[in-house]
Amino acid sequence: PADELIGGLLSIPSQEAAKVATEPHGGGDKSTVSITVVGASGDLAKKKIFPALFALYYEGCLPEHFTIYGYARSKMTDGELRDMVSKTLTCRIDKRANCGEKMEEFLKRCFYHTGQYDSQEHFVALDKKLKEHEGGRCSNRLFYLSIPPNIFVDAVKCASSSASSVNGWTRVIVEKPFGRDSKTSAALTKSLKQYLKEDQIFRIDHYLGKELVENLSVLRFSNLIFEPLWSRQYIQNVQFIFSENFGTEGRGGYFDHYGIIRDIMQNHLLQILALFAMETPVSLDAEDIRNEKVKVLRSMRPIELEDVVVGQYKSTTKGGVTYPGYTDDKTVPKDSLTPTFAAAALFIDNARWDGVPFLMKAGKALHTRSAEIRVQFRHVPGNLYNRSSGTNHDRTTNELVIRVQPDEGIYLKINNKVPGLGMRLDQSNLNLLYSARYSKEIPDAYERLLLDAIEGERRLFIRSDELDAAWALFTPLLKEIEEKKTIPESYPYGSRGPVGAHYLAARHNVQWG
Ligand code: NDP
Ligand code: BG6
């Protein structure tokens with residue numbers, strides 16, 4: 001299969017990856033990595049972190065000596081943690097394989113420690129247990145803060161109290177949200193930096209770990225045919241679309257405090273935009289890439305409220321089933337104005353992108369679940385076939401679609417002659433569907449990001465100046481929406497979202513793909 005051929009040239013085999021993970025301290029057998037999942041009783045830990053750690057173990061990507069500790073306030077024994085974790089592990093890497101044995105081995109490396117997030121004493125007790133497992137080897141420690149943001153700093157403060165006993169590296173993965181605006185984000189960064197250096201903080205944006213997002217740079221910079229077209233000269237507009245076909249079920253309390261702009265646009269979509277639009281980095285080194293991304297973010301024009309549409313889903317009944325509206329959630333105030341949908345037109349005021357609308361659209365409780373990037377090219381100047389066949393404008397422009405999920409793929413819409421004696425044009429797709437081309441399962445974003453954090457690879461994590469620039473762009477807009485108490489347009493659960501999004505696109509001479 002194609003992936004095996006390419007793998008031989010480009011990929012680091014998993015055993016090698018495991019070696020790299022521990023190499024700075026003199027080889028796999030002399031050092032150890034302790035991974036502490038802080039907030040282990042929570043949703044993210046169960047749904048994503050433990051399954052990703054198991055997948056890495058299954059693939060042989062974790063170092064020889066590693067221990068995983070769950071840490072949370074809930075009372076649990078090691079056995080109970082293992083029971084909880086085992087329910088979420090799957091054999092997704094190789095569905096035919098019986099991975100039961102591997103699961104057993106993995107679970108034996110998982111332990112649990114009950115503790116408060118603001119108790120140094122409890123973290124010292126954890127440190128003692130970690131030391132026992134480390135057995136005098138060089139100790140490297142990774143803490144994953146899978147807890148609500150208001151307790152990040154307490155947990156970091158207490159976890160760092162035992163830093164002096166660690167003779168390898170200590171890294172902390174921080175989950176979003178990184179604040180609610182420029183001010184709170186800066187305060188969080190300042191507080192974290194009392195205890196950690198910037199290179200110890202791994203701010204996760206799991207969209208950067210998605211296969212097709214990582215592939216963006218490969219597509220652009222390793223294919224001659226794309227990069228020359230990647231500018232205002234040939235691209236009419238670019239769209240970043242995120243849509244979920246379910247509401248905030250279960251997370252209404254969190255969501256109401258943030259809204260869709262903070263939840264999806266300011267981070268996931270903006271990060272993709274920055275990767276999409278950046279100049280060629282000097283190298284693939286993390287700092288070179290992040291330098292280019294931050295330049296894009298700092299070149300962005302302030303967002304005007306008139307270039308934004310916000311919406312909120314309402315209850316609807318379809319086929320006898322009633323789907324709840326956003327404010328039907330008991331954890332959401334009845335008069336909430338929090339947007340569950342937003343569309344915006346953004347601009348990058350630099351030489352490459354001057355005047356090109358970058359449209360973003362993100363919404364919950366829409367008709368479908370997908371995430372994609374759509375690049376709509378300009379019209380062919382003096383198009384012969386437009387004139388002779390009278391084909392309409394929209395059909396003749398090319399469009400490149402990068403489907404991040406589901407059914408990962410890349411396709412290019414081209415004009416083609418319909419076979420036959422006549423001369424009729426048809427728009428067809430040059431289609432790279434991953435499931436047809438590659439036999440291997442695509443890793444979950446959390447697998448890649450956890451492995452990178454263990455290896456000290458920062459390319460896919462957010463640097464503090466990137467975060468500042470992202471907030472500088474969105475904070476004034478959010479403030480204006482909140483101060484003006486902008487009323488979100490209603491849209492029915494399961495629909496395509498508010499009609500205002502179409503008017504917004506039309507004002508910029510764009511049609512949503
Ligand atoms: P949870 O709300 O499930 O919280 C995780 C754990 O933290 C809980 O099990 C609980 O453990 C503890 N906790 C919860 N609330 C409090 C509180 N008020 N005070 C002290 N401890 C508390 O969060 P998630 O697992 O959903 O998410 C973890 C982090 O990841 C959050 O920052 C979230 O925003 C982010 N995130 C989550 C995603 C998801 O899909 N769930 C997606 C992207 C980001 P105990 O009571 O046992 O101590
Ligand atoms: C999270 C958001 O960051 O991303 C959630 O907080 C959203 O609201 C989730 O559902 C979507 O992630 P994915 O990987 O399922 O598309």
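Number of residues in the stretch 239-275 that are basic (Lys, Arg) and more than 14 Å from ligand 1 (Cβ to nearest atom): the value is 0. Applying the condition of being under 16 Å from ARG374 (Cβ atoms) and among the polar types (S, T, N, Q) to the stretch 215-238 and asking which residue is nearest to ligand 1 (Cβ to nearest atom) yields ASN215. Residues that are charged (D, E, K, R) and either within 16 Å of ligand 1 (Cβ to nearest atom) or in contact with a His (Cβ under 6 Å, 6 or more places away or on another chain) (or both) within the stretch 108-120 comprise just one, ASP118. Within the stretch 211-222, identify whether any single residue is hydroxyl-bearing (Ser, Thr, Tyr), within 27 Å of PRO443 (Cβ to Cβ), within 16 Å of ligand 2 (Cβ to nearest atom) and modelled with pLDDT of 95 or more, and answer yes or no. Checking the stretch 211-222: not a single residue is hydroxyl-bearing (Ser, Thr, Tyr), within 27 Å of PRO443 (Cβ to Cβ), within 16 Å of ligand 2 (Cβ to nearest atom) and modelled with pLDDT of 95 or more.
Check whether at least one residue in the stretch 220-231 is in contact with a helix residue (DSSP H, G or I) (Cβ under 9 Å, 6 or more places away or on another chain) and closer than 23 Å to LEU449 by Cβ, and report yes or no. Yes, there is a match, as at least one residue in the stretch 220-231 is in contact with a helix residue (DSSP H, G or I) (Cβ under 9 Å, 6 or more places away or on another chain) and closer than 23 Å to LEU449 by Cβ.
Taking every residue in the stretch 30-42 that is charged (D, E, K, R) and pairing it with any residue that is more than 8 Å from ligand 1 (Cβ to nearest atom), at least 6 positions away or on another chain, the pairs with Cβ-Cβ distances below 7 Å are LYS30/ARG137; LYS30/CYS138. Look at (1) of a type outside the set (Phe, Trp, Tyr); (2) surrounded by fewer than 16 Cβ atoms within 10 Å (Cβ to Cβ); (3) not in a helix (DSSP H, G or I) and you find that SER164 fails only one, number (3). For PHE178, indicate whether it is of a type in the set (Phe, Trp, Tyr), part of a strand (DSSP E or B) and in contact with a strand residue (DSSP E or B) (Cβ under 9 Å, 6 or more places away or on another chain). So PHE178 does not fit the description; no.
With respect to the conditions (1) surrounded by 15 or more Cβ atoms within 10 Å (Cβ to Cβ); (2) out of contact with any Gly (no Cβ under 8 Å at 6 or more places or on another chain), ILE147 lacks only one, and its number is (2).
If only residues of the stretch 319-340 that are of a type outside the set (Gly, Ala, Ser) and touching a helix residue (DSSP H, G or I) at 6+ places or on another chain (Cβ under 6 Å) are counted, the one that is surrounded by the most Cβ atoms within 10 Å (Cβ to Cβ) is THR340. Candidates GLY494, GLY513: the one that is modelled with pLDDT under 95 and touching a strand residue (DSSP E or B) at 6+ places or on another chain (Cβ under 8 Å) is GLY513. So for the stretch 357-366 (the condition being outside any strand (DSSP E or B), in contact with a His (Cβ under 7 Å, 6 or more places away or on another chain) and not hydroxyl-bearing (Ser, Thr, Tyr)), does at least one residue qualify? Yes, the stretch 357-366 contains a residue that is outside any strand (DSSP E or B), in contact with a His (Cβ under 7 Å, 6 or more places away or on another chain) and not hydroxyl-bearing (Ser, Thr, Tyr). When the residues of the stretch 337-356 are filtered to those that are in a loop (DSSP other than H, G, I, E, B) and of a type in the set (A, V, I, L, M, F, W, C), the one that is farthest from ligand 2 (Cβ to nearest atom) is ALA351.
Look at the stretch 65-104 and say how many of its residues are under 16 Å from SER34 (Cα atoms) and surrounded by fewer than 17 Cβ atoms within 10 Å (Cβ to Cβ). So the count comes out to 1.
The values are calculated or read from the model by the stated rules, or taken from the named source; none is laboratory data. Because the structure is predicted, anything quoted here is derived from the model rather than measured. Note that each Cβ is placed from the backbone with ideal geometry, even for glycine, and that neighbours are counted across all protein chains shown.
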